[in-house]
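Participant: Got a structure here, written out as structure tokens. Questions coming.
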Amino acid sequence: MPGSEILIYGYGAVCLSMIVFNIIYNIILRSKAPLTEKKTERVKAALLEKYGDASGSVCANKTLAAPGTAGFFKYSHLKPEKSEDLLILSEALSDILSSEHREAGERFIQELQKDFLRLAKEYLKKDSMQTAYFAVFLQEYCQWSEYKEELSEVLLKYVSKKNLYCRINALDALYAIGNAGYVVRAVAIQDKMETPLHTRVLTEGLSSFSGDQEELTGKLLERFNEFSARTRLAVLNYIRSQSGEYKEFMYRIMTDEREERELRLSAERYLGRYPWEPAGDALIAFVKDKEALHWEYAALAAWALRNYEGEHVLSALKSALYSSNWYVRYNAAESLEAKGFSYTELIDVMAGKDRYAREMMAYRFDLQRLMENERNSENGRGEA
């Protein structure tokens, strides 16, 4: 039998086994669903019985009335060290917190804080997927914790695990806790991992930080040169989404020819979003650069210059319409349009000999008219 046929039959066998596994797994889940729902309702009832009365009156059940959470867990037949029981507890809490009994849930969470550190260390010993789930649970409820620093130390060990979900969830928990120092330490740990996080994942995570964003930015910049290019890019993209106070820093990166291309482009985007007059000449130089390999710098500069003023800016954008690169021409035309220039004001381009420049501006003007017609049509329907 040819080797290709063996591969095909082997692949078919793997697919078939996956289908069988999924069928059996779904059957097991469905068979467990009624039991899980029943247990969740029991946990909710126990929570409301013990924590529903703000006066702190003693429960009738002696086991449930025991101080701390031990009695509650014993009465509910819950072992939070088991991930399936933690899931049931999470579902019960979620239901209570979204109901009129929210205060009962908050009182329980406050009392649960004493268990968080113990559980965090317990889940550190488990397989990575269970550790990852506990990090999700912690992210949801750790904002009430009195032990944030101790928990953050354990979460740094979570970040060191190879499992991607575990690392992402641990970082999310650290973002929720809101300690900038621990977040920067975690970023440095993941940066040295064999498979660091994707730039976008890290940027979006940093943007969700619940603490002082300026403090986080400052601490990231203190260690900026220690990071790999991938992590530095995530930091630059994060800063662009948060603050316009770092123009000079971004200008140095944008104009440093020794820097990585993606970092320079990110800095260029920043200076397009937050205009800084000293950066105008550098952006114009990018636009005028005819080197084909530098087209990305030129295209981004043509976009960024829409937010800069002056005759030299207008002249640079007009000259960019004659570029051999479509993206440079497109961004230049879009920037001129954004500045409010009309057909008659660009007559020197429209009546010129360069077909590409004429076609690009004609395309932009046609698109503008089409959008205006659509808006007028929508307004007409609204009035009717």
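Participant: Looking at (1) assigned to a helix (DSSP H, G or I); (2) in contact (Cβ under 8 Å) with a residue 60 or more places away in the chain, which one does ALA267 not meet, given that it meets all the others?
Facilitator: (2)
Participant: At least 2 residues that are modelled with pLDDT of 80 or more and within 28 Å of ALA120 (Cβ to Cβ) in each: list the helices (runs of 4 or more DSSP H) lying fully within the stretch 1-107 that qualify.
Facilitator: Per the criteria, 3-51, 70-75, 83-97.
Each row is one residue, and each column tells you yes or no for (1) assigned to a helix (DSSP H, G or I); (2) under 21 Å from ALA46 (Cβ atoms); (3) touching a helix residue (DSSP H, G or I) at 6+ places or on another chain (Cβ under 7 Å); (4) at pLDDT 90 or above.
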{"position": "ILE109", "(1), (2), (3), (4)": "yes, yes, yes, no"}
{"position": "PHE134", "(1), (2), (3), (4)": "yes, no, yes, yes"}
{"position": "GLU149", "(1), (2), (3), (4)": "yes, no, no, no"}
{"position": "LYS157", "(1), (2), (3), (4)": "yes, no, yes, yes"}
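Participant: Anything in the stretch 284-332 that is more than 35 Å from the chain's Cα centre (by Cα), more than 20 Å from ARG273 (Cα to Cα) and not charged (D, E, K, R)? List them, or say none.
Facilitator: If the condition is that a residue be more than 35 Å from the chain's Cα centre (by Cα), more than 20 Å from ARG273 (Cα to Cα) and not charged (D, E, K, R), then SER315, SER319, LEU321, TYR322, SER323, SER324 are the ones that fit.
Participant: Condition first: under 17 Å from the mean Cα position of the chain (by Cα), of a type in the set (Phe, Trp, Tyr) and closer than 20 Å to ILE109 by Cα. Now tell me which residues in the stretch 131-181 satisfy that.
Facilitator: Of everything in the stretch 131-181, just one residue is under 17 Å from the mean Cα position of the chain (by Cα), of a type in the set (Phe, Trp, Tyr) and closer than 20 Å to ILE109 by Cα, namely TYR175.
Participant: Additional query: Test of understanding: among ARG232, ARG223, which residue is surrounded by 19 or more Cβ atoms within 10 Å (Cβ to Cβ), closer than 23 Å to ALA186 by Cα, at pLDDT 95 or above and among the basic types (Lys, Arg)?
Facilitator: Being surrounded by 19 or more Cβ atoms within 10 Å (Cβ to Cβ), closer than 23 Å to ALA186 by Cα, at pLDDT 95 or above and among the basic types (Lys, Arg) holds for just one of ARG232, ARG223, which is ARG232.
Participant: Scanning for something surrounded by fewer than 17 Cβ atoms within 10 Å (Cβ to Cβ) and either among the β-branched types (Val, Ile, Thr) or not in a helix (DSSP H, G or I) (or both), does the stretch 278-290 turn up at least one residue?
Facilitator: Yes: one or more hits.
Participant: Of all residues in the stretch 111-128, which are in contact (Cβ under 8 Å) with a residue 40 or more places away in the chain and assigned to a loop (DSSP other than H, G, I, E, B)?
Facilitator: LYS126, the sole residue that qualifies.
Participant: What tally of residues in the stretch 158-178 results from selecting those that are crowded, with 22+ Cβ neighbours inside 10 Å and closer than 16 Å to HIS198 by Cα?
Facilitator: 6
The values are calculated or read from the model by the stated rules, or taken from the named source; none is laboratory data. The model shown is predicted, which means the values in this text are computed figures rather than measured ones. Reconstructed Cβ throughout: ideal geometry from the backbone, glycine too, with neighbour counts over all protein chains shown.
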